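What follows is a single structure, written as structure tokens, with notes after it.
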Amino acid sequence: MAIPSRVQASGNSGLATTSICGDGATGLVALGSTIADALQLSAVWNTITTSSASTGVILPPTEVGAMIGIRNDSGQTVTVYPKSGSTINAAASNLSVATAKTVILFATSATTWASVTTA
């Protein structure tokens, strides 16, 4: 596993380290009630701290080997939407992430995300 401090200590720049390890976003607010108005995620590791009932986030485009983590500390269940043309766990629909849960999603093909959710 690539650890940012070790990657930078080996002489890599901050930008190269972000490319290798991924970036993080905290304090996110889930938005909207459909894929049309949900919050677009742009970081690799994401922490949602605020949401209203029935709000959600949108995954980045699916690319084989991509990985994204979402921690829901908002107090509400959050809906995770795949981009149009992609699926989560081979289903055409979205994924619900309960409060105090973390989900890690792996792109297993150019159109499919697989998820692992904490107990």
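All of the numbers you see were taken from the coordinates with simple rules; none came from a lab. It should be emphasised that the depicted structure is a prediction, and the values quoted were computed from it without experimental measurement.
The relative contact order of the chain comes to 19 percent, based on Cα pairs under 8 Å that sit 6 or more residues apart. Averaging over every viewing direction, what projected area does the convex hull of the Cα atoms of the chain cover, in nm²? With every direction weighted equally, the projected area is 7.4 nm². Between Val103, Val29, Val64, the Gaussian network model of the chain with springs among Cα atoms under 10 angstrom shows the greatest mean-square fluctuation at Val64.
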